[in-house]
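Trainee: Shown below is the structure under consideration.
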Amino acid sequence: MTAPPLVRPSPRRGGGSGLLRHVAGKVGGALVSLAAVVVLGFFLFRLIPGDPTVTMTRGRQVDEAQIAELRALHGYDRPIVEQFGKYVGGLLHGDMGTSLFYRRTVAELIGERVGPTLLLVGTSTLIAVTLGLWLGIRGAWRRDSPFDRASTGVALVGWAMPAFWLGMLLSMVTGNLFPSGGMRFSSTPPDFWSQALDVAHHMVLPCLTLIAVVYAQYQLVMRSSLLEEMNADYLTTARAKGLRDDQVRRRHAVPNALLPTVTLVFLHIGLVVTGAITVETVFSWPGLGLLTYEALAGPDLPLLQGTFVVLAGSVIVMNVLADLLYQVLDPRVRAS
Amino acid sequence: MTSIVWQRRRAAVGSTWREFTRNRGGLAGLVVLGVVVVLALLAPLVTDASGLDVTKAAGQRWQSPSAEFWFGTDHTGRSVLLLTWWGSRISLLIGLTATVLSVAIGTLVGVTAAHFGGWLSAGLMWVTNFFLVLPSLVLAIALSTVLPRGIGTIVLAIGVTSWASTARLVRAQTLSVEARPFIERAKVLGGGHVHVIGRHVLPAVLPLVFVNTTLTVANAIVAEATLSFLGLGDPSMVSWGSMLRAANLHGAVSQRAWWFLLPPGLGVVVIVLAFTLVGRALETVLNPRLRGDR
Amino acid sequence: MGILRRLGSVVGAVGLVASPLAPAAQAQQPVTLRVAIIQQVDSLNPFLATYQASTEVGRLMYDYLTAYDAKDQRPVEGVAKSWEKSADNLTWTFTVPDGKKWSDGQPITAKDVGFTYNLMMTDKDAATANGSFVANFESVTVPDDRTVVIKTKVPQASMLALDVPIVPEHVWKGVGKIADYKNDVTPSVSSGPFVLSEYRANEFIKFKANKEYWRGAPKYDELHFIYYKTVDAAVQALDKGELDLVNRMGPAQFDSLKGKSGITLNKAQGRRFNELVLNSGAATKTGEPIGDGHPALKDVKVRQAIAKAIDQDAIIARVNGGYAERGTGPIPPVFPDYHLTPEKVRPFDPAAANTELDQAGYPKGSDGIRVGADGKPLKLRLVGHTSRAYDEQAGEYIKSSLADIGIAVDVQLVADTLLDEQGVAGKFDLIFSGWGTNPDPDFILSLHTCDSRPESPTTSGTTDTFFCDKTYDELYAKQGAELDPAKRSALVKQMQQRFYDEVPAIILGHDNSLEAYRNDTFASFTIQPDPGGVIMAQNGMWGYYGAVPVAAAGAASSGPSGLLIAGIVVVVLLVVGGVLLLARRRGATAGDRE
């Protein structure tokens, strides 16, 4: 510090260094969590007794030498600590081992599936958030009106439904309107617009399902935080100033309630990931969720380990990003 | 405990109950829960479990609802009504046991973290936050894959992955209770940890834990259905999740066998909704902050 | 509300963009056969591919040295047109005719054959999938472009059933390490009827007709294999017209398609069987016992009683939905030359089984469960796959059947990997297993020889029964060297009779292959064998190669056309947008009123 603090006390700077410390703390915490996921991912999947080489060689006549060679190749003959070190080293290089059933690298398989999942989860979250916030605002503003009761009721029912069940129902009810599954028809022309339309067509049902089961939480959170906001003194002041209710809502209450809600949206992204696993399974959507499901048959442990680390890791990263965003955007937190 | 305390508590419960009954949603939820639980308990008395055995299936495959089979039959010719009925037992059993486990862990961690402080508290809070962030189903999937199939595994997988929110809630409540003067007084008078926690903290925290429990059950039942649907359930038991798995695997959708798809799914929705309604009603009654609002 | 307004305009924009596109999407489409693929393809590299789906796909690209006739599966022309063997049955000479071409125009010669076999004999990686076929080869030489000479160490009966895809030398000699080569370059250089044109792992595999194919190009333009995760999803897709051909259906799914217009069902004799293995004494090659099988199962009388007590017809009727044939020996009725019809069929007779067990010294205890001479009650574990509905249901039947003869069964359904481990280690009493069979019986028979048992307690063998019987092994050796078809057939049947009598396993049933196709897009398929045969999973590529599209198939593309898709998307978006806009406007006025 070169500037004498007493000359011009700057709350912003003070807030700034606090923010910096906070950011560092959050990022550090997230890194530790990520490390914990990696450790968990490794030891959890070592719980299964038995020898992975048996699975690899089933139905084939092999002798001791070949088994030993396989074991050495995969490092199963090394002490567990050394295996762990090798695993972490591999992870840092993007090497997550080889799937037992696909016989391809886990990284390659996951890489293929990230895109479709991002597309599905991204689109659904966007629509669900928009819908949820809007319904929440309306509901809070006209609390206990028929609209509020009905929309809260519908939201609760949606929230109570297992996503995969809703998915199966939808695909039974809609008959031939939408494709039975997958992401595109093989016979669609390769140009961009045909492909985009085809993918959109395939995405309607999975998207609807995912939205229906996740939007409720956004609506309920928005509703209650707006209710809280509306009790605040400044709103009474604003009304007293003669502002129309509509303006009060739009200019003051909603923006203030929006911030914590949106942050919460990202904090709850894990729920969407959970929904994606079953929805992708029902609609054969070729994403990470389906890959996780496929890895369960067998089970294909290296693959499951890979999807576990990637899914859990990305949720942790999303969380810390949401947290940081909140710090940056919310003036109240920034000041304190 | 003195009789005055008891009287006060009983009076408090009484007023809570009166307030609760004023919440129509909560009351409806409670009634539904009561009916479902009674039905589930009655299953062995009024129905014959041998109908669950595929070798003794009474009907043909995929019969639509009729006078003989009110909800039709499944892919092996068993009565869907019977399956749904018996399935409710497993779903409820797993939902409740997993919740007890989850709430027990959560309460223990929450109270410990708040009461003792220091490194222990910091460590516990870190673990809590870690579990809070981790997508619980993904971890539950991993756990149930590596452990042998069975009810115990599912209960463990759900319980171990869903306690974090309870812990955080309990910790906050414990902190606020322990800040009150009477705790200080108890400590000065020589009350040990056991005394303070057992006599003062737990009674004050329990209502909140109770509310949390009803909401946790809802989550646990959906989690059970999801795990069973993914094929991680106990294959020898019929639960709503395993019925939906069978429906998915054996072509209920292509058969348009709505009678096999609807009952187990509706079962989940109704139970979860009932628990949620009861939980929300209790929350408004017991949580003073929300009560002020309404 | 800004978000909603923007959303509204986005909806509008998409609608605008979508509508002029519709005609473009409907443009002239190639005639395509769309087939559901449910199993994984582990590799497109024919030297590494071991899964059934992979070999099936591989057959479309690479001919074998000889092929199996579509009608009766006898050996017919493949890469080689004619062949002869020496008097001592050790030297085989194959002739590759002039005029056959790879899809890139290069001639197919004997050198390609020699290259392929020699690669497998010298490069361990290249022997991964099909090494067993060349294990007995002494040498493979190519005296000229038209002739291949194969010398074997001992006579080999399967010389006209070498299921080894022949690859083009001019492409593969440039491949460095076989184990790392994916062979997904498009277009592939094929000798078979199709050329790989696009491969998207987990979405689809596309082929184009090979115009250079020596039998003549297929009658349609493209063949698409589309991934489905469950059979049910594929059945729905067939129903909706997104697919033309589906196989591996379950009985329930097959029945659900009965009477649907536009769909033809094909119930074919299958090559797969389900069996119940009885642990008759698991041991290694050297006879060292492994595992923890119940000692009573070493007694052949107990095994025979169990076989008598299980009602196979009930299992076929209820679990297979009637879509299976009763099992005797491992070789299914679809191969009549080798299928066993026992002189004395073992009847379903629990009463007789009870009497036999009483006489054999297994009296019932107080709890109704029989006890052996060693005092050990007959409580057996039955291990099955959690992933297979068959195991779950058949397990229940077996449990209740054996309860009737005083044997308690604990059905344990476990994950596939665990089941494999328990099976390999002999840690079971009863276990579900199953195999697919080939026209040549050698492999399936070899599974139950002493030599198929594991090398040591910690390695895996190929056997699932751990059967080791001197009579069986002698017969096996004889049939392997017997080149006279009739004599070999008799030997093979004798072996199965031995297997049937000794009961190392009970063949529960040979599943039917249940297939269905859309008859509004494809008029007919070549089945193998004819009659009663399959379209998919053949010993060959006839089903795909011989498919005949409906004459006017070009006009009647049955899948949802581009126009329909576009229309639906536009309508949905408009409706959603409209609802949102409407709600917003209503909401706004309501808000203003407040």
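Trainee: Among the residues of segment A:117-137, is any more than 9 Å from every other protein chain (Cβ to nearest Cβ), surrounded by fewer than 23 Cβ atoms within 10 Å (Cβ to Cβ), of a type outside the set (S, T, N, Q) and touching a Gly at 6+ places or on another chain (Cβ under 6 Å)?
Mentor: no
Trainee: Collect the residues in segment A:218-270 that are more than 20 Å from A:GLY139 (Cβ to Cβ) and touching a His at 6+ places or on another chain (Cβ under 9 Å), keeping them in residue-number order.
Mentor: A:TYR234, A:ALA238, A:LEU243
Trainee: Out of all the residues in segment B:181-204, which are basic (Lys, Arg) and either free of Cβ contacts under 8 Å to residues at least 12 places away in the same chain or not in a helix (DSSP H, G or I) (or both)?
Mentor: Going through segment B:181-204, the residues basic (Lys, Arg) turn out to be B:185, B:187, B:199.
The answer is B:ARG185, B:LYS187.
Trainee: All but one of (1) within 11 Å of chain A (Cβ to nearest Cβ); (2) out of contact with any Phe, Trp or Tyr (no Cβ under 9 Å at 6 or more places or on another chain); (3) within 29 Å of B:GLY26 (Cα to Cα) hold for B:VAL253; state the number of the condition that does not hold.
Mentor: Going through (1) within 11 Å of chain A (Cβ to nearest Cβ); (2) out of contact with any Phe, Trp or Tyr (no Cβ under 9 Å at 6 or more places or on another chain); (3) within 29 Å of B:GLY26 (Cα to Cα) one by one, B:VAL253 breaks only (3).
Trainee: Then there is this: Among the numbered criteria (1) at pLDDT 90 or above; (2) crowded, with 22+ Cβ neighbours inside 10 Å; (3) in contact with a helix residue (DSSP H, G or I) (Cβ under 6 Å, 6 or more places away or on another chain), which one does C:THR471 miss?
Mentor: (2)
Yes/no per residue for (1) modelled with pLDDT under 80; (2) within 10 Å of chain B (Cβ to nearest Cβ):
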site	(1), (2)
A:THR237	yes, no
A:VAL248	yes, no
A:ILE269	yes, yes
A:VAL279	no, no
A:ILE316	no, yes
A:ALA335	yes, no
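Trainee: Among the residues of segment C:314-334, how many are farther than 19 Å from C:LEU514 by Cβ and either more than 14 Å from chain B (Cβ to nearest Cβ) or touching a Lys or Arg at 6+ places or on another chain (Cβ under 7 Å) (or both)? Even if it seems obvious, please write down each step before you answer.
Mentor: Step one: of segment C:314-334, the residues farther than 19 Å from C:LEU514 by Cβ are C:314, C:328-331.
Okay, now just the ones that are also either more than 14 Å from chain B (Cβ to nearest Cβ) or touching a Lys or Arg at 6+ places or on another chain (Cβ under 7 Å) (or both), so C:328-331.
So the count comes out to 4.
Trainee: If we keep just the residues of segment C:396-409 that are of a type outside the set (Ser, Thr, Tyr) and within 9 Å of chain B (Cβ to nearest Cβ), which is farthest from B:LEU232 (Cα to Cα)? Explain how you work it out, then say what you get.
Mentor: Restricting attention to segment C:396-409, the residues satisfying the condition of being of a type outside the set (Ser, Thr, Tyr) are C:396, C:398-399, C:402-409.
In the following step, the residues that additionally are within 9 Å of chain B (Cβ to nearest Cβ) were identified as C:396, C:399.
Numbers: C:GLU396: 20, C:LYS399: 23 Å.
Only one residue fits best here, namely C:LYS399.
Trainee: Sticking with this structure for a sec: Kindly evaluate B:THR214 against the criterion of being under 19 Å from A:SER284 (Cβ atoms), touching a residue at least 24 places away in the same chain (Cβ under 8 Å) and not in a loop (DSSP other than H, G, I, E, B).
Mentor: Values: under 19 Å from A:SER284 (Cβ atoms): no; touching a residue at least 24 places away in the same chain (Cβ under 8 Å): yes; not in a loop (DSSP other than H, G, I, E, B): yes.
So B:THR214 does not fit the description; no.
Trainee: Hey, B:LEU41 hits all of (1) surrounded by 15 or more Cβ atoms within 10 Å (Cβ to Cβ); (2) in a helix (DSSP H, G or I) but one; which does it fall short on?
Mentor: Single failed check for B:LEU41: (1).
Trainee: Tell me whether segment A:257-265 contains one or more residues that are within 14 Å of chain B (Cβ to nearest Cβ) and farther than 24 Å from A:LEU311 by Cα.
Mentor: Quick first cut of segment A:257-265, residues within 14 Å of chain B (Cβ to nearest Cβ) only: A:257, A:263-264.
Retained after the next criterion (residues that are farther than 24 Å from A:LEU311 by Cα): A:257.
Scanning segment A:257-265 turns up at least one residue that is within 14 Å of chain B (Cβ to nearest Cβ) and farther than 24 Å from A:LEU311 by Cα.
Trainee: Inspect all residues belonging to segment A:145-153 and state whether any of them is surrounded by fewer than 23 Cβ atoms within 10 Å (Cβ to Cβ), free of Cβ contacts under 8 Å to residues at least 40 places away in the same chain and within 8 Å of another protein chain (Cβ to nearest Cβ).
Mentor: Looking through segment A:145-153, none of the residues is surrounded by fewer than 23 Cβ atoms within 10 Å (Cβ to Cβ), free of Cβ contacts under 8 Å to residues at least 40 places away in the same chain and within 8 Å of another protein chain (Cβ to nearest Cβ).
Trainee: Separate question: Is there a residue in segment A:183-201 that is free of Cβ contacts under 8 Å to residues at least 12 places away in the same chain and either within 14 Å of chain B (Cβ to nearest Cβ) or in contact with a Pro (Cβ under 9 Å, 6 or more places away or on another chain) (or both)? Walk me through it before giving the result.
Mentor: So the first thing to find is which residues in segment A:183-201 are free of Cβ contacts under 8 Å to residues at least 12 places away in the same chain, and the list is A:186-197, A:200.
Now restrict to residues that are either within 14 Å of chain B (Cβ to nearest Cβ) or in contact with a Pro (Cβ under 9 Å, 6 or more places away or on another chain) (or both): A:187, A:195.
Yes, the conditions are met somewhere in segment A:183-201.
Trainee: Going residue by residue through segment C:256-279, is there one that turns out to be within 13 Å of another protein chain (Cβ to nearest Cβ), small (Gly, Ala, Ser) and surrounded by 19 or more Cβ atoms within 10 Å (Cβ to Cβ)?
Mentor: yes
Trainee: Look at segment C:281-300 and say how many of its residues are buried (at least 21 other Cβ atoms within 10 Å of the Cβ) and farther than 24 Å from C:GLN393 by Cα.
Mentor: 2
Trainee: Taking A:THR292 as meeting all but one of (1) surrounded by 24 or more Cβ atoms within 10 Å (Cβ to Cβ); (2) polar (S, T, N, Q); (3) more than 9 Å from chain B (Cβ to nearest Cβ), write down the number of the exception.
Mentor: For A:THR292, the exception is condition (3).
Trainee: A follow-up question, please. Answer with yes or no whether C:ALA234 is within 10 Å of chain A (Cβ to nearest Cβ), surrounded by 24 or more Cβ atoms within 10 Å (Cβ to Cβ) and not acidic (Asp, Glu). Write out each step before concluding.
Mentor: On the way: within 10 Å of chain A (Cβ to nearest Cβ): yes; surrounded by 24 or more Cβ atoms within 10 Å (Cβ to Cβ): yes; not acidic (Asp, Glu): yes.
So C:ALA234 passes the test.
Trainee: Given the condition assigned to a helix (DSSP H, G or I) and at pLDDT below 90, answer yes or no: does some residue in segment B:55-64 qualify? Spell out how you get there, then give the answer.
Mentor: In the first step, residues of segment B:55-64 are kept if they are assigned to a helix (DSSP H, G or I); the result is B:55-56.
Going one step further and asking which of them are at pLDDT below 90, we end up with B:55-56.
Checked against the condition, which is being assigned to a helix (DSSP H, G or I) and at pLDDT below 90, segment B:55-64 yields at least one hit.
Trainee: Kindly check whether there is at least one residue in segment C:368-387 that is modelled with pLDDT of 90 or more, away from chain B (no Cβ under 14 Å) and in contact with a Phe, Trp or Tyr (Cβ under 6 Å, 6 or more places away or on another chain).
Mentor: Yes.
Trainee: On to the next question. Residue under question is C:LYS153, and the condition is that it be in the same structural domain as C:PRO107 (by TED's automatic domain parsing), exposed (fewer than 15 other Cβ atoms within 10 Å of the Cβ) and under 22 Å from the mean Cα position of the chain (by Cα); does it hold? Reasoning before the result, please.
Mentor: Details: in the same structural domain as C:PRO107 (by TED's automatic domain parsing): yes; exposed (fewer than 15 other Cβ atoms within 10 Å of the Cβ): yes; under 22 Å from the mean Cα position of the chain (by Cα): no.
It is false that C:LYS153 is in the same structural domain as C:PRO107 (by TED's automatic domain parsing), exposed (fewer than 15 other Cβ atoms within 10 Å of the Cβ) and under 22 Å from the mean Cα position of the chain (by Cα).
Trainee: Still on this structure, please answer the following. Looking at (1) within 10 Å of chain B (Cβ to nearest Cβ); (2) touching a residue at least 40 places away in the same chain (Cβ under 8 Å); (3) on the phi > 0 side of the Ramachandran plot, which is the one condition that is false for A:GLY175?
Mentor: Every condition holds for A:GLY175 apart from (2).
Matching residues to (1) surrounded by 16 or more Cβ atoms within 10 Å (Cβ to Cβ); (2) more than 23 Å from A:MET161 (Cα to Cα):
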position: B:LEU134; (1), (2): yes, no
position: B:GLY152; (1), (2): no, yes
position: B:ARG171; (1), (2): yes, yes
position: B:ALA179; (1), (2): no, yes
position: B:LEU189; (1), (2): no, yes
position: B:ARG199; (1), (2): no, yes
position: B:PRO207; (1), (2): yes, yes
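Trainee: Now, a different point. Quick one: which helices (runs of 4 or more DSSP H) sit completely within segment B:88-180 and have at least 3 residues that are under 27 Å from A:LEU34 (Cβ atoms), touching a Leu at 6+ places or on another chain (Cβ under 7 Å) and away from chain A (no Cβ under 14 Å)? Don't jump to the end; show me each part of the working.
Mentor: Numbers: elements: B:118-133, B:136-146, B:151-161, B:164-178.
In segment B:88-180, there are no helices (runs of 4 or more DSSP H) which contain 3 or more residues that are under 27 Å from A:LEU34 (Cβ atoms), touching a Leu at 6+ places or on another chain (Cβ under 7 Å) and away from chain A (no Cβ under 14 Å).
Trainee: Also, quick follow-up: Considering each of C:THR128, C:THR186 in turn, give the residue that is of a type in the set (Ser, Thr, Tyr), closer than 20 Å to C:MET61 by Cβ and surrounded by fewer than 17 Cβ atoms within 10 Å (Cβ to Cβ).
Mentor: Values: C:THR128 fails: surrounded by fewer than 17 Cβ atoms within 10 Å (Cβ to Cβ).
After ruling out the rest, the residue left standing is C:THR186.
Trainee: Being under 26 Å from C:GLU203 (Cβ atoms) and among the hydrophobic types (A, V, I, L, M, F, W, C) is the filter; apply it to segment C:255-280 and report the residue that is modelled with the highest pLDDT.
Mentor: C:ILE263
Trainee: Could you list, in sequence order, the residues of segment C:346-375 that are among the small types (Gly, Ala, Ser) and surrounded by 15 or more Cβ atoms within 10 Å (Cβ to Cβ)? Show your work before the answer.
Mentor: In the first step, residues of segment C:346-375 are kept if they are among the small types (Gly, Ala, Ser); the result is C:351-353, C:360-361, C:365-366, C:368, C:372-373, C:375.
Within segment C:346-375, C:ALA352, C:ALA353, C:ALA360, C:GLY372 meet the criteria.
Trainee: Hey, among B:VAL100, B:VAL80, which residue is surrounded by fewer than 24 Cβ atoms within 10 Å (Cβ to Cβ) and of a type in the set (Val, Ile, Thr)? It would help to see each step written out before you state the result.
Mentor: Working: B:VAL80 fails: surrounded by fewer than 24 Cβ atoms within 10 Å (Cβ to Cβ).
After ruling out the rest, the residue left standing is B:VAL100.
Trainee: If the requirement is being within 30 Å of C:SER513 (Cβ to Cβ), free of Cβ contacts under 8 Å to residues at least 12 places away in the same chain and assigned by TED's automatic domain parsing to the domain that holds C:GLN422, which of these qualifies: C:PRO336, C:PRO347, C:PRO332? Outline the logic, then answer.
Mentor: Values: C:PRO347 fails: free of Cβ contacts under 8 Å to residues at least 12 places away in the same chain; C:PRO332 fails: free of Cβ contacts under 8 Å to residues at least 12 places away in the same chain.
Only one candidate passes the filter, namely C:PRO336.
The values are calculated or read from the model by the stated rules, or taken from the named source; none is laboratory data. Quantities reported herein were computed from a predicted structural model and do not represent experimental measurements. Every residue, glycine as well, gets a Cβ built from its backbone with ideal geometry; the counts of neighbours run over all protein chains shown.
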